[in-house]
Amino acid sequence: MSKTDRYLRYLAAERASGHMYRALADMTSGQRREALLELAAIEDRHAAHWMALLHTAGIAIPEDSGDLEPDDAQVLQRARDLGLDAVLGDLERAEREAQGMYDAEPDALPGMSEDEREHAAVLADLGAAGVPATPSDVRGQLNAAEPWHRTDKSGALRAAIFGISDGLVSNTALVMGFAGSGVDRGTVLFAGVAGLLAGAFSMAAGEYVSVASQTDLFRRELALEEQELREKPLEEQRELELLYRAKGLDPQTAKATAEKIMADPKTALDTLAREELGLDPDELGNPKRVAASSFAAFAVGAAVPVIPYFFLSGLTALAVAVTLAVIAMLVVGGTVGRLSGLGVTRSAARQLLVGGGAAAVTYIVGRLVGTSVG
């Protein structure tokens, strides 16, 4: 399927969903109506994106009749006959079936797939007892489960949390392997410190390159948008008009708004970056901060099984190292579970199972190798 065909199909789907949600909103009131109207507004934003791409490609944008699709009209009639609750389940299932439509679409804006997944959650909540959630409420719940989405756009907190986990598991396994081989305390200590440094530098370098590459890509997108603003200001203004018309503004208001924004090049670039590219120019990522966070976090996690060997030796050092590693795995796993929404107990158990399993296997292998060599 060509790009044009995909854009037209996406545009038709977003328009149809928007019309459906508005029609259902007219049947209810209060927070239910607010939630449905917000869903419609999200569909409008998505439609505006595809309209802008079609316009840029020189493709005529189909007129929006505002009529419901035949299947949607039947659903609406059933809602009128039986009530809104009678169709919410069907709408939720339809949203869940379509929620991956943008996962493999390279021209979709960042966040569009997440928006579509939120729709099913909102519809499920509308059909449940209690106060219905709007899409903003759902995003707030997700942010509460994963705080770095709202407080750490640089990615430093994410890198720290998972850096500790990686350092703890990998170096515990390394230390247990050497300890199992029966080598002396100094060799185990040297191996643990070497693993700590190698892993921390590797993590930091990987995170730095990854975030720096992403930041460079975003900056290039902004530079291209800035170039288009200089070379094709009328076309960019037209794109803004289409975006605002898709959000519900009448043609005159949309044109006046676009003209006002285009009068200030800095404001125009910022607006187009957010509306068209889905980027926040002020938060493109900080590779140095993420790299430093990864290095420190990995080092902290990796130090746990090594510390006992600075002061103890033999089975005593091994027992203390295992005890500290188990406690640390439970704490780190529980923290990850709390932040990700997986659940403290489940995540802590998973962390211990995976990390402990890796350490046990390397200990056994080290034991076998040590016995064989000896």
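The values are calculated or read from the model by the stated rules, or taken from the named source; none is laboratory data. Everything numeric in this text was worked out from a predicted model, so none of it was measured. All Cβ positions, glycine included, derive from the backbone under ideal geometry; neighbour counts span all protein chains shown.
Select from the stretch 161-193 the residues that are aromatic (F, W, Y) and either farther than 16 Å from A319 by Cα or in a loop (DSSP other than H, G, I, E, B) (or both) and list them in ascending order. Across the stretch 161-193, the qualifying residues are F162, F190.
Condition check ((1) within 27 Å of the chain's Cα centre (by Cα); (2) assigned to a helix (DSSP H, G or I); (3) surrounded by fewer than 18 Cβ atoms within 10 Å (Cβ to Cβ)) across all residues:
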site: D5; (1), (2), (3): no, yes, yes
site: R33; (1), (2), (3): no, yes, yes
site: H46; (1), (2), (3): yes, yes, no
site: I61; (1), (2), (3): no, no, yes
site: D81; (1), (2), (3): no, yes, yes
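Of the residues G333, G285, G337, G356, the single one that is closer than 30 Å to A212 by Cα, out of contact with any His (no Cβ under 9 Å at 6 or more places or on another chain), free of Cβ contacts under 8 Å to residues at least 40 places away in the same chain and surrounded by 18 or more Cβ atoms within 10 Å (Cβ to Cβ) is G337.
A quick yes/no check of all residues on (1) more than 30 Å from I61 (Cβ to Cβ); (2) surrounded by 14 or more Cβ atoms within 10 Å (Cβ to Cβ):
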{"position": "G195", "(1), (2)": "yes, yes"}
{"position": "L222", "(1), (2)": "no, yes"}
{"position": "K232", "(1), (2)": "no, no"}
{"position": "L243", "(1), (2)": "no, yes"}
{"position": "A268", "(1), (2)": "no, yes"}
{"position": "T271", "(1), (2)": "no, yes"}
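Going through G167, G100, G111 one at a time, which residue ends up being closer than 28 Å to I307 by Cβ and modelled with pLDDT of 70 or more?
Details: G100 fails: closer than 28 Å to I307 by Cβ; G111 fails: closer than 28 Å to I307 by Cβ.
Of the residues listed, the single one that is closer than 28 Å to I307 by Cβ and modelled with pLDDT of 70 or more is G167.
Taking the conditions (1) surrounded by fewer than 16 Cβ atoms within 10 Å (Cβ to Cβ); (2) not in a helix (DSSP H, G or I) in turn, L249 satisfies each one other than (1).
Here is a yes/no grid of residues against (1) modelled with pLDDT of 65 or more; (2) buried (at least 18 other Cβ atoms within 10 Å of the Cβ); (3) closer than 29 Å to R338 by Cβ; (4) outside the structural domain of R96 (by TED's automatic domain parsing):
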position	(1), (2), (3), (4)
A128	no, no, yes, no
V175	yes, yes, yes, yes
A179	yes, yes, no, yes
D184	yes, no, no, yes
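Tell me, yes or no, whether the stretch 45-56 has at least one residue that is among the basic types (K, R), in contact with a helix residue (DSSP H, G or I) (Cβ under 9 Å, 6 or more places away or on another chain) and closer than 30 Å to E236 by Cα. Yes, the stretch 45-56 contains a residue that is among the basic types (K, R), in contact with a helix residue (DSSP H, G or I) (Cβ under 9 Å, 6 or more places away or on another chain) and closer than 30 Å to E236 by Cα.
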